[in-house]
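Have a look at the structure below, then the notes.
The values are calculated or read from the model by the stated rules, or taken from the named source; none is laboratory data. The structure displayed is predicted, hence computed values, not measured ones. In this analysis, Cβ positions are derived from the backbone assuming ideal geometry, glycine residues included, and neighbour counts consider all displayed protein chains. Just the protein is used for accessible areas: all its heavy atoms, side chains included, with ligands, DNA and RNA removed. Shrake-Rupley method; radii C 1.70, N 1.55, O 1.52, S 1.80 Å.
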Amino acid sequence: MIQLSAPFTEEKIRSLKVGDMVEITGLVFTGRDAIHKWLHDGNEPPVSLKDGIIYHCGPVVMKKKGQWVVTAAGPTTSIREEPYQAGIIEKHGVRAVIGKGGMGEKTRLACQKFGCVYLHAVGGAAQVLAEAIKKVRDVHLLEKFGSPEAIWELEVEAFPVVVTIDAHGNSLHKDIEAESSQNLAQLMAQIGKK
Amino acid sequence: MTSSLQKKLQETFIEIIRKTSAELPQDVVDAVVEGLEREAKESRGEYALKIIQKNIELAKKKSQPLCQDTGSILFYVHYPRKLDGELLGKVVKKAVVAATKKGYLRQNSVDSLTGQNNGTNVGPGTPTLHIEPWKKDHIEVKLMLKGGGCENVGAQYSLPDSRIGAGRDLNGVKKCILDAVQQAQGKGCGPGVLGVTIGGDRATGYLATKEQFLRKMKDKNPNPVLAKLEDECLNEANQLGIGPMGFGGKTTLMGVKVGALNRLPASYFVSVSYMCWAYRRQGAKVSARGEIQKWLY
């Protein structure tokens, strides 16, 4: 298990490889469909994303005794942000993107060029991941986009992820798909021959 | 139906929703554990399944939704003829609104034209309610919550399909099933379970795939031809190497359930629904007085 703690420097990010199991400690910013489109349209983020981590997540957040508390926070499907992600990595200096399901070629190439990684959280594990969120530091654009689509600043500790796209041009999604495609071709060729 | 019975039934339905959202049935938990034992030590597949196992325990302990996507709400209700079925349906919908307020369900029903979410989970088409009278004197309620990620990777094939070389026979069906798993990769939050229908029309085919998910993981298909097909497809899908969450590994699927419907001579559909590992299915035998007598899974 590799520990990745703030500050998230380019050097630390470039040292990660596809397949590494990582625990993140530091600050992450949630951002999903509305925020990605809004940044892509040229709006300036209310917080600096430089050397930051974006988490594709629409958390369930409740106010308890005047404090925000995250009660469920699993990843959402990342591929919807594929048209926007590469540009946001480049323009805002994002160092890592957390999500699920993987991303495409544009994002893979942006990760390689600008020193960023894609970190895969376990889909559906809303409770385990909420436990790793220790504090809600702030929230931005809550009124404009509503709770699931707002930018939540979350302090996380030992947040578990797997590197599936690294900063060296490798993608686990691409590899697994190619491998399973070969296996499929062999299985298909056997069907009906027994 | 007296107002006090309606009130009692509403409470009962809310409890069924809570349990379904927070607790996986034991047969699914057992399948996750089997997958965990199958994966190589220290592998990414084992790691994903360990987190999944921990999440299942934590959600149950905290009585909170185990996945934040509480999904499509699918009710299957049978009721004694003496009860008013229309009114019973209304009580189910009231329970959905109340369970959403309590946080057992996410606000998950969006107007497809305006994009608005009224926050109640009740609207055209939601929740899905299959409700039928029967001769018995108790109510049976089965409930499934199916997330959007896995719903999105379902697939329907019309045979013959030249892309995958599938003809109109069981070999062709098997090719469809394996292709659907390959297309889904890890996007459906695997290891998953497939519900498959051979035949029917485009609507009834998909409808019946969901009903396959009401079966227990280890049950045996009463039709020996389908039982064999299920075993073979499960075994072969797990040779693809996609693994938990698409991280690679031996456990791509935990189960395959297949049913068959008659078809038109001109049509031969194979419909495949994917259920994620967060396979939320519960059921209860409810007395005519509205009390839960027995959990079904």
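Just one of the listed residues (B:Ile164, B:Ile177) is buried (at least 24 other Cβ atoms within 10 Å of the Cβ), within 14 Å of chain A (Cβ to nearest Cβ), more than 30 Å from A:Cys57 (Cβ to Cβ) and not hydroxyl-bearing (Ser, Thr, Tyr), and it is B:Ile177.
Name the residue that is surrounded by the fewest Cβ atoms within 10 Å (Cβ to Cβ), counting only residues in the stretch B:96-105 that are part of a helix (DSSP H, G or I) and under 20 Å from the mean Cα position of the chain (by Cα).
First, pick out the residues of the stretch B:96-105 that are part of a helix (DSSP H, G or I): B:96-101.
Cutting the leftovers down to under 20 Å from the mean Cα position of the chain (by Cα) gives us B:96, B:99-100.
Working: B:Val96: 25, B:Ala99: 23, B:Thr100: 21.
Once the filter is applied, the top-ranked residue is B:Thr100.
Checking the stated criteria, B:Lys250 turns out to be assigned to a loop (DSSP other than H, G, I, E, B), open to solvent by 50 Å² or more (accessible area, probe 1.4 Å), touching a residue at least 60 places away in the same chain (Cβ under 8 Å) and over 22 Å from B:Ala166 (Cα atoms). Among the residues making up the stretch B:106-139, those that are charged (D, E, K, R) and surrounded by fewer than 18 Cβ atoms within 10 Å (Cβ to Cβ) are B:Asp111, B:Glu132, B:Lys135, B:Lys136, B:Asp137. Tallying residues that are in contact (Cβ under 8 Å) with a residue 12 or more places away in the chain and not in a helix (DSSP H, G or I) within the stretch B:169-186 yields 2.
Here is a yes/no grid of residues against (1) more than 14 Å from chain A (Cβ to nearest Cβ); (2) closer than 29 Å to A:Glu179 by Cα; (3) not aliphatic (A, V, I, L, M):
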{"site": "B:Lys216", "(1), (2), (3)": "yes, no, yes"}
{"site": "B:Lys220", "(1), (2), (3)": "yes, no, yes"}
{"site": "B:Leu234", "(1), (2), (3)": "no, yes, no"}
{"site": "B:Pro244", "(1), (2), (3)": "no, yes, yes"}
{"site": "B:Thr251", "(1), (2), (3)": "no, yes, yes"}
{"site": "B:Gly259", "(1), (2), (3)": "yes, no, yes"}
{"site": "B:Met275", "(1), (2), (3)": "no, yes, no"}
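Here B:Arg263 passes the criteria (1) assigned to a loop (DSSP other than H, G, I, E, B); (2) within 14 Å of another protein chain (Cβ to nearest Cβ) except the one numbered (2). Residues of the stretch B:191-211 that are part of a strand (DSSP E or B) and of a type in the set (A, V, I, L, M, F, W, C): B:Val193, B:Leu194, B:Val196, B:Ile198. Condition check: in a helix (DSSP H, G or I), open to solvent by less than 50 Å² (accessible area, probe 1.4 Å), in contact with a helix residue (DSSP H, G or I) (Cβ under 9 Å, 6 or more places away or on another chain) and touching a residue at least 12 places away in the same chain (Cβ under 8 Å). Does B:Val91 satisfy that? When the stated conditions are applied, B:Val91 passes them.
Residue-by-condition table, conditions (1) away from chain A (no Cβ under 14 Å); (2) open to solvent by 20 Å² or more (accessible area, probe 1.4 Å):
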residue	(1), (2)
B:Thr2	yes, yes
B:Arg18	yes, yes
B:Ala31	yes, no
B:Gly45	no, no
B:Ile52	no, no
B:Ile56	no, no
B:Ala59	no, no
B:Leu66	no, no
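Among the conditions (1) of a type in the set (A, V, I, L, M, F, W, C); (2) buried (at least 24 other Cβ atoms within 10 Å of the Cβ); (3) within 14 Å of A:Pro160 (Cα to Cα), A:Cys116 misses just one, which is (3). Counting only residues that are without any contact (Cβ under 8 Å) to a residue 60 or more places away in the chain and over 23 Å from the mean Cα position of the chain (by Cα), which one in the stretch B:135-159 is farthest from B:Ser267 (Cα to Cα)? Top of the filtered list is B:Lys136. If you go through the stretch B:94-108 and keep only what is hydrophobic (A, V, I, L, M, F, W, C) and over 18 Å from A:Pro148 (Cβ atoms), you end up with B:Ala95, B:Val96, B:Val97, B:Ala98, B:Ala99.
Against the numbered list (1) within 23 Å of B:Gly255 (Cα to Cα); (2) open to solvent by 20 Å² or more (accessible area, probe 1.4 Å); (3) outside any helix (DSSP H, G or I); (4) within 11 Å of another protein chain (Cβ to nearest Cβ), B:Leu24 comes up short only at (2). The residues of the stretch A:47-84 that are in a helix (DSSP H, G or I) and away from every other protein chain (no Cβ under 12 Å), listed by number, are A:Glu81, A:Glu82, A:Pro83, A:Tyr84.
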